[in-house]
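Student: Submitted below is the structure of interest, expressed as structure tokens.
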Amino acid sequence: MSAALVKGRGLTKTFAGGVRAVAGVDITIGTGETLGLVGESGCGKSTLARLMLRLIEPDGGTLHFRDAEITHLPDRAMRALRRDMGIVFQDPFGSLNPRMSVAQLLAEPLKVHGLGDARARVAALLELVGLLPDHAARYPHEFSGGQRQRIAIARALATQPAFLVCDEPTSALDVSIQAQVLNLLSDLQARLGLACLFVSHNLAAVRHMAPRVAVMYLGRIVEEAPREAIFSDPQHPYTQALLSAVSEPGSTRRARIVLRGEVPSPADPPSGCHFRTRCPRAVVRCAEVLPPLIQHGAGHRVACHFPGTLTAAETS
């Protein structure tokens with residue numbers, strides 16, 4: 001992995017009612033690297049993404065950007081640092097101000113950070129995302145969903161950031177448009193050398209976008225590995241269940257793993273391993289000891305006392 005650009009250690013976030021959305025997560029993204037973050041809805045993916053940008057404040061842990069700790073950076077210094085950070089939200093219908101033209105939307109971050117000739121930069125941004133110069137005078141309601149997301153991407157790139165968060169950037173789009181937006185993001189990431197956190201529950205999208213993948217369950221990362229290892233040889237029972245639920249062209253067909261029970265409440269998670277109440281391999285130790293995220297092969301980390309492929313008896 002390349003040198004770390006953004007790094008979180010022990011990140012924790014608890015909301016009202018004792019809901020612990022993120023529970024002691026360690027995460028590192030290298031310069032120019034894309035990390036995919038997957039998991040069921042409600043597992044804490046979006047909360048972790050916002051913590052990485054300090055859009056919300058962590059309750060515990062530390063956050064570093066380019067080797068400097070920014071966990072408690074004052075607002076003025078953090079505002080200057082935001083030039084190097086961008087985010088593409090899930091919903092292009094809600095993330096763009098309907099009262100602002102495209103030119104105003106793209107020029108706003110440039111003006112906030114004092115970045116020169118906004119008109120020339122707006123034209124360049126539109127070209128970068130495959131839109132036309134005359135689109136600058138239009139308003140969000142005059143565009144399709146895919147075009148709106150291209151505008152949102154252009155806005156996120158306006159200040160030439162080094163780190164981009166894509167939070168479910170295609171889930172609100174028609175299936176026919178999703179591939180176009182994913183290809184655009186992939187091309188821009190490679191062309192601009194962006195570090196990217198790609199958050200999605202769409203495993204096919206993550207496989208397309210991210211050379212390295214982290215799997216999250218109930219506020220914790222339970223497995224992290226290169227893309228090939230995650231998709232061909234997952235070691236955590238939850239990852240195996242997640243992958244067995246989808247069928248991709250050209251992939252090995254896995255026996256469907258049906259997990260028992262429901263996802264526990266993040267306000268009252270199980271002791272020890274959070275996954276143990278649904279795991280076919282759980283024993284008493286799993287309730288007593290939280291498994292750490294430890295090395296399991298080259299670049300492969302697993303938080304499980306008993307990693308390895310589930311047997312036919314365990315999946316039935």
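Student: Could you please find all residues in segment 141-160 being touching a helix residue (DSSP H, G or I) at 6+ places or on another chain (Cβ under 8 Å), closer than 13 Å to residue 93 by Cβ and surrounded by 21 or more Cβ atoms within 10 Å (Cβ to Cβ)?
Tutor: Across segment 141-160, the qualifying residues are 148, 149, 151.
Student: Next up: Across segment 125-138, which residue is surrounded by the most Cβ atoms within 10 Å (Cβ to Cβ) among those that are within 27 Å of the chain's Cα centre (by Cα) and either in a loop (DSSP other than H, G, I, E, B) or small (Gly, Ala, Ser) (or both)?
Tutor: Here the answer is 129.
Student: For residue 30, are the conditions met, namely being in contact (Cβ under 8 Å) with a residue 40 or more places away in the chain and within 12 Å of residue 219 (Cβ to Cβ)?
Tutor: In short, no.
Student: Tell me, which residue of segment 85-94 that is in contact (Cβ under 8 Å) with a residue 24 or more places away in the chain and over 15 Å from residue 144 (Cβ atoms) is surrounded by the fewest Cβ atoms within 10 Å (Cβ to Cβ)?
Tutor: 89
Student: Being on the phi > 0 side of the Ramachandran plot and touching a residue at least 60 places away in the same chain (Cβ under 8 Å) narrows it down to one of 149, 160, 189, so name that one.
Tutor: 160
Student: To continue, here is another question. Please give the number of the condition residue 256 fails out of (1) crowded, with 18+ Cβ neighbours inside 10 Å; (2) in contact with a Ser or Thr (Cβ under 8 Å, 6 or more places away or on another chain); (3) farther than 27 Å from residue 92 by Cα.
Tutor: (1)
Student: Could you check, for segment 279-289, whether at least one of its residues is under 24 Å from residue 25 (Cα atoms), in contact (Cβ under 8 Å) with a residue 40 or more places away in the chain and not in a strand (DSSP E or B)?
Tutor: yes
Student: Further, regarding this structure: Is it the case that some residue within segment 41-63 is within 13 Å of residue 28 (Cα to Cα), touching a residue at least 12 places away in the same chain (Cβ under 8 Å) and among the acidic types (Asp, Glu)?
Tutor: No, there is no match, as no residue in segment 41-63 is within 13 Å of residue 28 (Cα to Cα), touching a residue at least 12 places away in the same chain (Cβ under 8 Å) and among the acidic types (Asp, Glu).
Student: Hey, another quick one. Go through segment 165-194 and report how many residues are of a type in the set (Gly, Ala, Ser) and either buried (at least 23 other Cβ atoms within 10 Å of the Cβ) or over 24 Å from residue 6 (Cβ atoms) (or both).
Tutor: Of the residues in segment 165-194, 3 are of a type in the set (Gly, Ala, Ser) and either buried (at least 23 other Cβ atoms within 10 Å of the Cβ) or over 24 Å from residue 6 (Cβ atoms) (or both).
Student: Please go through segment 300-314 and give me each residue that is farther than 12 Å from residue 233 by Cβ and either assigned to a loop (DSSP other than H, G, I, E, B) or in contact with a Gly (Cβ under 9 Å, 6 or more places away or on another chain) (or both), ordered by number.
Tutor: Listed by number, the residues that qualify are 303, 304, 305, 306, 310, 311.
Any read-out appearing in this document is the output of simple, stated calculations on the displayed coordinates, not a laboratory observation. Only a predicted model underlies this, so the values are computations on that prediction, with no experimental measurement involved. Here the Cβ is made from the backbone with ideal geometry for all residues, glycine too, and neighbour counts use every protein chain on show.
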